[in-house]
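Just below is one structure, and these are the notes that go with it.
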Amino acid sequence: MKQTITFLPSLLFGLITWVRNKLFDWGILPSRTFEKPRIVVVGNLAVGGTGKSPLVAYLVKNWRGGDSLGILSRGYGRKTKGYIEVNGQSSAEEVGDEPLAYKSLFPEIPVAVCEKRKVGVEKMPDVDVLLLDDAFQHRSLKSSLNLVCSTFEKPFYQDTLLPHGRLRESAKGIERADAVIVTRCPSILTKEQKSNFAQGVLRNSKVEKPIFYTSVRYAKPVGPREHLPSKWALFAGIADPKPFFTYASSLGQIQEEVIYGDHHRFTEVELLELEQQAKTMAGDEGFLTTHKDFVRLQSHLSQLPNLGNHLYYLPMEMYFIDQEEQFWDWLGKN
């Protein structure tokens, strides 16, 4: 029944996005080009959970050369509007959870939010390279490079348009990508698996695209004590919490798993419930969540001492399964 209800709206959505893209392709809608900074877009074709944030963090951490870097994001989920620079005193309500997470990881580089990306770029002229998080569909500015993420498990070419599926535009949009970054791959990929993915990309693109395969790894939970609890209550408000819950199950006894919506904004009642639950926890018990969820809670912890004493987050980072040097060689030439 759901498929029947969503099929026609998907057709209409596809027509609207097709017309919009053609207007940009034909130059009827203008795209602004910036000489400086160099703009590198990290985006996707599907909504949420495709690994954009880990890729942005990887690029900043491993960037080669003497370029000064900056990050510009829309700041999804924030209560504010306009251009705002993220600082150590910012809250998720002001700037969004992802920009706040970037700033906590890389306090030395400028991070800003602005829903109008052209305006945001204009206000960050002093950086050499500006990473635009989730801006592949923002065609009013022209990037130097488009890096498009797609998960290995749910590739874009097997998906359909919203609201029937998860695609923001037709799979043919991959033609605008300069490279495809396949995320959350198994640690070992066969030649056949790579070939199948490449064929899926090629079916939707006029030319072959560079494809790079990546996965994620987790580090030791970060929290109030070095000695970790052995019993965990898990919660996550991200687009795809399954990998988080799967890995967390290896860290001890799991007493509870709670899933919130992506970019979940915790209510006062929910915060008080977490505080009361933390108050009853023994020394070997704790909450474990994601880094994005942690930064959304961080500004409240001074009023929630029991939660602060039992709250840990699980660090995560992206890595290349292979061809890491080839990726940086390609990036340096483009």
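The values are calculated or read from the model by the stated rules, or taken from the named source; none is laboratory data. Computed from a prediction, not measured in an experiment: that's the story for all the values here. Glycine also receives a Cβ, built like all others from the backbone with ideal geometry; neighbour counts cover every protein chain displayed. Side chains are part of the model used for accessible areas, which takes the heavy atoms of the whole protein and leaves out ligands, DNA and RNA. Shrake-Rupley method; radii C 1.70, N 1.55, O 1.52, S 1.80 Å.
Pulled fully out, how much extra length does the chain show between Tyr218 and Gln255, if you take 0.36 nm times their separation in residues and subtract their Cα-Cα distance? Mind dumping the intermediate values first?
Numbers: separation 37, 0.36 × 37 = 13.32 nm, distance 2.05 nm.
My answer for the length gained is 11.3 nm.
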Lys333 to Thr246: extension gain in nm, 0.36 nm per residue of separation minus the Cα-Cα distance?
27.5 nm
Once both labels are modelled 7 Å past Cα along the beta-carbon direction, what's the Leu23-Arg265 spacing in nm?
2.9
In the range 148-180, which residues have a backbone nitrogen under 12 Å from the label point lying 7 Å from Gln323's Cα in the Cα-to-Cβ direction?
179-180
Can you tally the lysine pairs in the range 178-334 where the Cα-Cα distance is under 30 Å and the two residues are eight or more apart, or on different chains?
21
Euclidean distance between Cα centres, the range 208-246 to the range 88-103, Å:
19
Loop-only check: which chymotrypsin sites (Phe, Trp or Tyr not before Pro) in the range 12-94 are DSSP coil with at most 11 other Cβ within 10 angstrom?
Trp26
Taking a probe of 1.4 Å and leaving out DNA, RNA and ligands, the chain shows per residue an accessible area in Å² of 50
Out of the trypsin sites (Lys or Arg not before Pro) in the range 1-95, which ones are loop residues according to DSSP with at most 11 other C-beta atoms within 10 Å?
Arg64, Lys81
Tell me the mean residue ellipticity at 222 nm calculated for the chain from its helices only (DSSP H runs of n ≥ 4, each -39500 (n - 2.57), averaged over every residue, nearest 500).
-9500 deg cm²/dmol
Taking all pairs of distinct alpha-carbon atoms in the chain, Kirkwood radius in angstrom:
21.2
Once phi for every residue in the range 111-121 is put through the Karplus expression 6.51 cos²θ - 1.76 cosθ + 1.60 (θ = phi - 60°), the whole-Hz ³J(HN,Hα) values, with Gly and Pro written as x, are 10, 9, 10, 6, 5, 9, 4, 4, 4, x, 5
Considering Cα pairs under 8 angstrom that are at least six residues apart, work out the relative contact order of the range 213-334 and quote it in whole percent.
40
Counting only DSSP loop positions in the range 106-197, the chymotrypsin sites (Phe, Trp or Tyr not before Pro) whose Cβ has at most 16 other Cβ atoms within 10 Å are none
If you average the sequence gap of Cα pairs under 8 Å that are 6 or more apart and divide by the length of the chain, what percent do you get for the contact order?
19
If every alpha-carbon in the range 96-246 counts as one equal scatterer, what log10 I(q)/I(0) does Debye give at q = 0.20 1/Å?
-1.40
Run the accessible area of the chain with a 1.4 Å probe and give the carbon-and-sulfur part as a rounded percent.
53
With θ set to phi - 60°, apply the Karplus curve 6.51 cos²θ - 1.76 cosθ + 1.60 along the range 275-286 and write out the HN-Hα couplings as whole Hz, x wherever there is a Gly or Pro.
4, 5, 5, 5, 4, 8, 6, 7, x, 9, 10, x
